[in-house]
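The block underneath contains the structure these notes are about, expressed in structure tokens.
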Amino acid sequence: MSQQQQMTEGGPRPETSRGHYILEVLGIAAFFVLALFIAVDIYHGMANFGYLWLLPLLVLLAYLAADLISGIVHFLADNFGSPEMPVIGPGFISGFREHHVDPAGIVTHDFVDTNGNNCLVSLPFLLLVWIAVPIETTVGGYLFAAFSLLLCFAVFLTNQFHKWAHMQDPPSTVAWLQRRGVILSREHHNVHHASPYDTYYCITVGFWNPLLDRTRFFERTERLLRSIIPGTDPRLRVEREGSLND
Ligand SMILES: [Zn+2]
Ligand SMILES: [Zn+2]
């Protein structure tokens, strides 16, 4: 992307079509409406079942689950499919690919472009929880819904944390959280943006990254997927291309 094409803070990124930007705005609105509906049901469930003391544990589990999900989704989008694929190509995969061409570009994305896609991918799951889970009438449904809502909020925050990890001079509270390892830090995420760009995919806080790197989880998963998906080149992306930036 040329310097001239880069946008300043406050507008959609140039690669986002107007249609997708509107979809992102609607996705964010629908995310919060659905979250509110589920929260009301959880509140009623709380009156029936209690278990408020479980909340810190649910927050921790949901946060770590979001970190792991962020890694898996990011890994898939960096290595499989193409920006030309229908539906998820232009709106989803292209964002991950462009991010490796222009890593600093993310700091110019506005609130909608930063967080819209994560809201959109959470919507089917939130809708299912709201429609199908017996939140007010069963303990299991109540706890599962509470975990699911916290998980979706952590997913919602993930790309915001990712954007902050790319900022040279983030807000002081953000920098404090980064220094204490509560959210993704710049130093930690830099490992992913160093050649060969094939590790440290988790971008909420990065808790799982050292373990997944040591066990070569993503390398093994990529090899496995390439061996079972018909028509896929059996070589790893780094073996084929060297790196995402080549
Ligand atoms: Zn990446
Ligand atoms: Zn990044």
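The values are calculated or read from the model by the stated rules, or taken from the named source; none is laboratory data. These numbers were taken from a predicted model, which means no experiment stands behind them. Cβ: placed from backbone, ideal geometry, glycine included. Neighbour counts: every protein chain shown. With ligands, DNA and RNA removed, areas are computed over all heavy atoms of the protein, side chains included. Shrake-Rupley method; radii C 1.70, N 1.55, O 1.52, S 1.80 Å.
Approximating the spin labels as points 7 Å out from Cα along Cα→Cβ, the Tyr43-to-Thr137 distance works out to 2.2 nm.
Between helix 55-79 and the chain there is an angle of about 30 degrees, using the helix long axis and the longest principal axis of the Cα atoms. Using only Cα atoms and rounding to the nearest 10 degrees, what angle (0 to 90) does helix 111-132 make with the longest principal axis of the chain? So the inclination is approximately 40 degrees. Relative to the longest principal axis of the Cα atoms of the chain, helix 18-49 runs at roughly 30 degrees.
The alpha carbons of segment 17-231 give a radius of gyration and a Dmax of 18.1, 53 Å, in that order.
Taking the alpha-carbon centroid of each part, what is the distance from segment 105-148 to segment 25-68 in angstrom? Measuring centre to centre over Cα atoms gives 8 Å. Each Cα pair under 8 Å and six or more residues apart adds its separation to the average, and for the chain the resulting relative contact order is 25 percent. For the chain, the solvent-accessible area of protein heavy atoms averages 52 Å² per residue (probe radius 1.4 Å; ligands and nucleic acids excluded). In plain terms, the chain from Ala175 to Arg226 could stretch by 14.5 nm, reckoned as 0.36 nm per residue minus the Cα-Cα distance.
Where the centre of each part is set by its Cα atoms, how far does segment 153-181 sit from segment 208-223, in angstrom? Each part's Cα centre sits 24 Å from the other's.
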